[in-house]
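Bear in mind these aren't lab numbers, they're just calculated from the coordinates by the rules spelled out. Just so we're clear, the structure is a prediction, and the values are computed from it rather than from any experiment. Cβ sites come from the backbone with ideal geometry, for glycine too, and all protein chains shown count toward neighbours.
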Amino acid sequence: MSDDIKHHIPVYKNVFIALLILTACTVGASYIHFSYAWIGLLVGLLIASAKGYLVASQFMHLNNEKRFIYGVLTLTVVFFFVLLLMPLLWDENSVAHGNGAYENVSHEHSDEGHHHEGGH
Amino acid sequence: MKIPYNEDLRPDTGLYNAKLGIWLFLASEVMLFGALFSAYIMLRSSNPYWFDIKTILNVPLATLNTALLITSSVTMVMSWVSLKLKDLNKFKLYLMLTLLCSFGFLIVKYFEYSAKFAHGYIPAYSTSLACYFTMTGLHVLHVIGGIIVFLYFIGPGIDMWNSEPERFTNRIEVAGLYWHFVDLVWIFLFPALYLL
């Protein structure tokens, strides 16, 4: 058992270095002006996902876990995506069809001549 | 009466009690932060007057905080490894380092929040700042929760090592899983709020 654990130590150190490098990449990528905003968004999320994968698989040992935990997490991921999609339904029903709260915001701001929200 | 499966693995799940419990708790945490991320995406994408907080947030300080949390995740997993190797002194050292990084994170966050408040950037200033304070504030509460648990394990909780070393090691593994999740949340909060 001890020997098994000892084999993990260099892996943890390598993951640590990889996470620091990826953090530097995240910050560096934010200073690059991509021709399309969504490319920057995609790059940022891809790097964050890579970091998340390293933490989850190595530090949380999800690369070698019991089936029960995979089952719980699969269910969680499904509901997580349902949560992410719910605003799209809300958006479709209210903003796109002219019932959204932001119409009022737009009206107020156009009256006040503001170009963005914020302020007391 | 001895509670079953505190140390031994249940034959059906292959898990001990605390590990099953923490994973169910973490699943609920995913939904909690997921709801906030979901609200953030909705508010940001549908608001034509979104106040871009990137211009007022301190990226170098947030990068330092990211490095602190990543370091604390490594020291946390190393404290568990130390217990597996029956080295209590190294466990104490790594857990102290984890605590040090956690307090470092809170101190940096204190300076960040203070600077915002001093300039009048309170949650009521804009929806984007309300999102920023809600999401980072909830994350800070999780960091404080972790610190309380670590202080217990380095203080009175360490006595269990003498009576039930296997169960104590399991407790540290479970605390570690929670802490790595806190790190994981920050990994996504950092680019979402500060960079994108």
Worksheet item: Can you put B:Ser45, B:Ser102, B:Ser79, B:Ser163 in order, fewest other beta carbons within 10 Å first?
Response: B:Ser163, B:Ser45, B:Ser102, B:Ser79
Discussion item. Give me the Å³ per residue figure for the convex hull around the C-alpha atoms of the stretch A:1-64.
Written reply: 64 Å³
Worksheet item: When each pair of different Cα atoms in chain B is counted once in the 1/r mean, what is the Kirkwood radius in angstroms, to one decimal?
Response: 18.4 Å
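Which helices, counted as full DSSP H runs in chain B, have an axial Cα extent of no less than 18 Å and a Kyte-Doolittle average of 0.5 or above?
Details: long enough: B:17-46 (44 Å, 1.13); B:59-84 (38 Å, 1.22); B:88-118 (45 Å, 0.91); B:127-154 (40 Å, 1.69); B:165-189 (36 Å, 0.45).
Within chain B the helices that satisfy the rule are B:17-46, B:59-84, B:88-118, B:127-154.
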Response to the item:
Output for the stretch A:11-66: chymotrypsin sites (Phe, Trp or Tyr not before Pro) sitting in coil per DSSP, at most 13 other Cβ within 10 Å, listed by number, reads A:Tyr31, A:Phe34, A:Tyr36
Worksheet item: For the protein assembly as shown, what is the convex hull volume of the alpha-carbon atoms per residue, in Å³?
Response: 156 Å³
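In percent, what relative contact order does chain B have, based on Cα pairs under 8 Å that are 6 or more apart in sequence?
31 percent
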Discussion item. Using a Cα-Cα cut-off of under 26 Å, which lysines could be cross-linked to A:Lys66, ignoring same-chain neighbours fewer than 8 residues away?
Written reply: A:Lys6, A:Lys13, A:Lys51, B:Lys2, B:Lys19, B:Lys84, B:Lys86
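Per residue of A:57-67, count partner chain C-beta atoms within 10 Å of its C-beta, then hand back the mean as an integer. Could you put the intermediate results ahead of the total?
Working: counts 0, 4, 13, 13, 5, 2, 0, 0, 4, 8, 2.
Going residue by residue through A:57-67 and averaging, the value is 5.
To make sure I understand, if each residue's beta carbon is the centre and we count other beta carbons within 10 Å, what order do B:Cys101, A:Cys25 fall in, fewest to most? Before the final figure, lay out each step's value.
Details: B:Cys101 20, A:Cys25 16.
With the sparsest Cβ surroundings first, the list reads A:Cys25, B:Cys101.
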Worksheet item: Given a cut-off of under 8 Å on Cα pairs at least six residues apart, what relative contact order in percent is computed for the stretch A:1-64?
Response: 35 percent
